[in-house]
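Enquirer: Let me begin by handing over the structure; questions about it come next.
The values are calculated or read from the model by the stated rules, or taken from the named source; none is laboratory data. The shown structure was predicted, so the numbers you read here are calculated from the model rather than taken from an experiment. Ideal geometry is used to build each Cβ from the backbone, glycine not excepted, and the neighbour counts take in all protein chains shown.
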Amino acid sequence: MVSTVLDVSRLRKDFPILERTVRGDRPLVYLDSAATSQKPFAVLDAERAYYETSNAAVHRGAHQLAEEATDAYESARAAIAGFVGAHAEDIVFTKNATESLNLAAYAFSNATAKAAQGGVVDPRLVLTPESSVVVTEMEHHANLIPWQELCAKTGAQLRWIGLTEDGRLDMDQLSVIDETTAVVSIVHQSNILGTINPVRSIMDRARDVGALGVVDACQSIPHMRVNVDDLGADLVTWSGHKMLGPTGIGLLWGRSEVLDRLPPFLTGGSMIESVTMEGSTFAPPPQRFEAGVPMVAQAVGLEAAVRYLESVGIESIEQHEHELTAYALTTLSHMPGVRIIGPESSVDRGSAISFVVDGLHPHDVGQVLDDRGVAVRVGHHCAWPTCRRYGVPATTRLSTYLYNDTDDIDAAAAGIRAAQEFFGVA
Amino acid sequence: MSDNVEALYQEIILDHYKHPRGAGLLDNAAGESFQVNPTCGDEVTVGVRLDENDHLHVGYEGQGCSISQASASVMTELLEDATLDRVADAERAFHELMHSKGAGEPNEDALGDGIAFAGVSKYPARIKCALLPWVALQDARLKAGIEIDQSTTPDA
């Protein structure tokens with residue numbers, strides 16, 4: 001079946017890695033974009049051109065290269081901000097989304113520690129054993145463990161919104177967000193279940209009780225039009241490498257008045273205003289959160305990725321993937337012995353589809369698929385509590401992007417059948 | 001299926017996976033170890049004790065992929081009622097085989113059915129699966145204070 005919105009076979013030519021074979025002479029069928037996306041020539045070329053012509057340390061130095069590099073870095077910030085409907089000065093570059101989330105969690109622990117020493121901090125960032133922190137049961141470990149650690153350091157209570165049998169948030173449990181809640185940090189689209197959560201209503205509740213709202217948008221921003229302001233959050237985090245960009249760059253968007261009152265996370269060069277031997281004052285955002293020489297080439301590459309996504313059309317990508325997701329859900333749900341973990345309907349759902357095969361461990365399913373050139377993810381997908389919730393030790397997950405089509409889904413389905421036959425569980 | 005995957009999933013491995021030998025924990029283990037493979041969630045618990053003749057007794061339970069669970073079954077069958085010299089030979093030979101990158105000549109005297117895991121060493125992601133019960137065995141043995149002579153050379 002040909003995509004109704006994208007010319008996938010033409011787009012695939014932009015991604016050199018999709019030309020290679022694996023495990024001998026098998027054409028690569030890449031269904032692991034929720035882990036990381038592949039990169040088009042435009043991104044590779046932009047990074048190379050930057051290193052060939054303008055490479056220098058940004059925001060320092062009086063020479064032309066430093067000027068060009070700084071321009072390239074700040075131009076990337078503006079382009080990425082534009083992609084999510086934000087102002088450039090509200091976008092912080094980090095190493096990855098995990099760092100972005102740690103930056104948010106450490107704002108609380110650093111403020112709490114400073115307050116204990118009599119320092120002047122925003123009282124909303126100071127946690128006590130009476131405080132609570134709210135996440136959901138479908139968080140990636142990156143949006144769980146920083147908050148667990150924050151609670152362990154401050155005595156605050158970690159609470160979570162549980163899940164329904166069909167892979168959705170149990171909205172009857174929103175009452176865990178109450179006047180004690182200092183921060184609510186939730187995933188926009190689950191990396192393991194594919195569920196797209198009603199973040200706006202949860203963020204509204206967070207705001208009503210005076211809590212800071214954080215949204216992990218790693219799996220949504222690459223695949224759909226997201227205006228960060230519309231999410232109703234104070235902070236939004238995501239990564240560059242899942243949206244056709246390079247590894248080594250993550251993003252944090254914050255409302256300017258919120259970023260303004262967050263203390264720094266990593267400290268050192270570039271993030272200061274004034275330094276003496278006794279102490280320092282810090283630069284305003286975003287520089288306050290960008291200590292050290294930053295990842296300029298990756299920022300340049302990510303700008304190219306954003307321009308590429310806009311040239312294809314993020315709305316078209318969303319529609320294409322929605323159709324592909326519906327096709328994959330139908331295909332998998334008609335296979336005997338295959339059970340989808342997560343919503344079985346394509347409504348409010350992204351393209352990451354987890355499943356288990358009766359009598360087969362995901363590692364063995366993945367091995368047979370790999371042998372046929374089909375790359376999927378197996379394991380707990382850094383969402384171990386979610387696996388526990390559904391009583392499975394692990395799942396197999398396929399996930400798509402603009403360069404996938406129904407042939408790829410068919411190849412995965414054929415591989416699953418081959419695994420069932422090989423292990424005698426068909 | 002490619003030759004490599006056929007070699008990975010030897011008939012012996014599939015047989016142990018579907019019909020595990022010696023499954024179940026010992027009632028009177030002197031040492032027990034729970035090991036988990038954090039990348040995929042495979043779990044195995046191995047318990048050991050020595051009898052009055054200094055022979056090892058092994059029990060296990062676990063859940064996970066074919067490679068990890070067959071490895072536990074093969075190991076338990078191989079080492080149940082074994083002398084400590086035999087345990088030492090087997091532990092060393094299995095670790096060597098797993099680190100051979102597919103080029104190892106498995107030592108059948110030391111490993112028994114364990115030689116079927118030779119094909120695993122070509123798949124870095126699966127070596128951890130195969131080693132999981134052996135790591136648990138070693139840890140359980142140390143907890144039980146059962147020392148083996150690490151210096152003996154396996155009978156070849």
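Enquirer: Which strands (runs of 3 or more DSSP E) sit wholly inside segment A:236-283 and have at least 3 residues that are closer than 15 Å to residue A:101 by Cα?
Expert: A:250-254
Enquirer: Follow-up question, since we're still on this one. Return the residues of segment A:202-252 that are over 28 Å from residue A:124 (Cα atoms) and hydrophobic (A, V, I, L, M, F, W, C); say none if nothing qualifies.
Expert: A:221, A:224, A:243, A:244, A:249
Enquirer: Among (1) touching a strand residue (DSSP E or B) at 6+ places or on another chain (Cβ under 8 Å); (2) surrounded by fewer than 19 Cβ atoms within 10 Å (Cβ to Cβ), there is one condition residue A:41 misses while meeting the rest; what is its number?
Expert: (1)
Enquirer: Could you tell me which numbered condition residue A:62 fails, if it satisfies all but one of (1) out of contact with any strand residue (DSSP E or B) (no Cβ under 9 Å at 6 or more places or on another chain); (2) modelled with pLDDT of 95 or more; (3) of a type outside the set (Lys, Arg)?
Expert: If we test residue A:62 against (1) out of contact with any strand residue (DSSP E or B) (no Cβ under 9 Å at 6 or more places or on another chain); (2) modelled with pLDDT of 95 or more; (3) of a type outside the set (Lys, Arg), just (2) comes out false.
Enquirer: State yes or no: is residue B:33 in contact with a Lys or Arg (Cβ under 9 Å, 6 or more places away or on another chain), at pLDDT 95 or above and within 14 Å of another protein chain (Cβ to nearest Cβ)?
Expert: For residue B:33, the condition - in contact with a Lys or Arg (Cβ under 9 Å, 6 or more places away or on another chain), at pLDDT 95 or above and within 14 Å of another protein chain (Cβ to nearest Cβ) - is not met.
Enquirer: Kindly indicate the residue of segment A:334-372 that is among the polar types (S, T, N, Q) and more than 9 Å from chain B (Cβ to nearest Cβ) and also farthest from residue A:199 (Cα to Cα) among those meeting that condition.
Expert: Among those residues, the one meeting the criterion is A:354.
Enquirer: Considering every residue within segment A:202-212, establish whether at least one is of a type in the set (Lys, Arg), surrounded by fewer than 24 Cβ atoms within 10 Å (Cβ to Cβ), assigned by TED's automatic domain parsing to the domain that holds residue A:92 and touching a strand residue (DSSP E or B) at 6+ places or on another chain (Cβ under 7 Å).
Expert: Yes, there is a match, as at least one residue in segment A:202-212 is of a type in the set (Lys, Arg), surrounded by fewer than 24 Cβ atoms within 10 Å (Cβ to Cβ), assigned by TED's automatic domain parsing to the domain that holds residue A:92 and touching a strand residue (DSSP E or B) at 6+ places or on another chain (Cβ under 7 Å).
Enquirer: Still on this structure, please answer the following. Taking segment A:112-140, which residues are in a helix (DSSP H, G or I) and crowded, with 17+ Cβ neighbours inside 10 Å?
Expert: Result: A:112, A:115, A:125.
Enquirer: Still on this model: Residue B:83 passes all but one of (1) within 13 Å of another protein chain (Cβ to nearest Cβ); (2) more than 14 Å from the chain's Cα centre (by Cα); (3) of a type in the set (Val, Ile, Thr); which number fails?
Expert: The one condition residue B:83 does not meet is (1).
Enquirer: For segment A:373-411, how many residues are facing another protein chain (nearest Cβ under 10 Å) and farther than 30 Å from residue A:316 by Cα?
Expert: 8
Enquirer: Something else now. Being over 17 Å from residue A:302 (Cα atoms) and among the β-branched types (Val, Ile, Thr) is the requirement here; does residue A:128 meet it?
Expert: It is true that residue A:128 is over 17 Å from residue A:302 (Cα atoms) and among the β-branched types (Val, Ile, Thr).
Enquirer: Could you tell me which of the residues A:293, A:300 is assigned by TED's automatic domain parsing to the domain that holds residue A:246, closer than 17 Å to residue A:77 by Cα and in contact with a helix residue (DSSP H, G or I) (Cβ under 9 Å, 6 or more places away or on another chain)?
Expert: A:300
Enquirer: Could you tell me whether any residue of segment B:5-21 is among the polar types (S, T, N, Q) and within 14 Å of chain A (Cβ to nearest Cβ)?
Expert: The answer is yes; a qualifying residue exists.
Enquirer: Does segment A:198-211 include one or more residues that are part of a loop (DSSP other than H, G, I, E, B) and under 30 Å from residue A:317 (Cα atoms)?
Expert: Yes; the residues of segment A:198-211 include at least one that is part of a loop (DSSP other than H, G, I, E, B) and under 30 Å from residue A:317 (Cα atoms).
Enquirer: Within segment B:117-124, is there a residue that is without any contact (Cβ under 8 Å) to a residue 40 or more places away in the chain, over 11 Å from the mean Cα position of the chain (by Cα) and within 22 Å of residue B:37 (Cα to Cα)?
Expert: yes
Enquirer: Would you be able to say whether some residue in segment A:67-76 is within 20 Å of the chain's Cα centre (by Cα) and either without any contact (Cβ under 8 Å) to a residue 40 or more places away in the chain or not assigned by TED's automatic domain parsing to the domain that holds residue A:410 (or both)?
Expert: yes
Enquirer: Checking residue A:425 against (1) within 11 Å of another protein chain (Cβ to nearest Cβ); (2) at positive phi; (3) touching a strand residue (DSSP E or B) at 6+ places or on another chain (Cβ under 9 Å); (4) surrounded by fewer than 18 Cβ atoms within 10 Å (Cβ to Cβ), which test does it fail?
Expert: It is condition (2) that residue A:425 fails.
Enquirer: Give the number of residues within segment A:289-321 that are of a type outside the set (A, V, I, L, M, F, W, C), surrounded by 13 or more Cβ atoms within 10 Å (Cβ to Cβ) and under 18 Å from residue A:57 (Cβ atoms).
Expert: Of the residues in that region, 4 qualify.
Enquirer: Right, residue B:69: without any contact (Cβ under 8 Å) to a residue 40 or more places away in the chain, within 13 Å of another protein chain (Cβ to nearest Cβ) and not charged (D, E, K, R) or not?
Expert: no
Results for (1) among the aliphatic types (A, V, I, L, M); (2) in contact (Cβ under 8 Å) with a residue 40 or more places away in the chain; (3) farther than 15 Å from residue B:56 by Cβ, shown as yes or no for each residue.
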site	(1), (2), (3)
B:75	yes, yes, no
B:83	no, no, no
B:93	yes, yes, yes
B:98	yes, no, yes
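Enquirer: So, one more: So residue B:80 clears everything in (1) surrounded by fewer than 16 Cβ atoms within 10 Å (Cβ to Cβ); (2) farther than 21 Å from residue B:12 by Cα; (3) at pLDDT 90 or above except one condition, right? Which one?
Expert: With respect to (1) surrounded by fewer than 16 Cβ atoms within 10 Å (Cβ to Cβ); (2) farther than 21 Å from residue B:12 by Cα; (3) at pLDDT 90 or above, residue B:80 is out only on (2).
Enquirer: Look at residue A:57 and say whether it is of a type in the set (Gly, Ala, Ser), out of contact with any strand residue (DSSP E or B) (no Cβ under 6 Å at 6 or more places or on another chain) and surrounded by 14 or more Cβ atoms within 10 Å (Cβ to Cβ).
Expert: It is true that residue A:57 is of a type in the set (Gly, Ala, Ser), out of contact with any strand residue (DSSP E or B) (no Cβ under 6 Å at 6 or more places or on another chain) and surrounded by 14 or more Cβ atoms within 10 Å (Cβ to Cβ).
Enquirer: Report those helices (runs of 4 or more DSSP H) wholly inside segment A:298-410 carrying at least 3 residues which are within 23 Å of the chain's Cα centre (by Cα). Before you say what the answer is, go through the steps one by one.
Expert: Working: elements: A:314-333, A:362-371, A:384-389.
The qualifying helices (runs of 4 or more DSSP H) are A:314-333, A:384-389.
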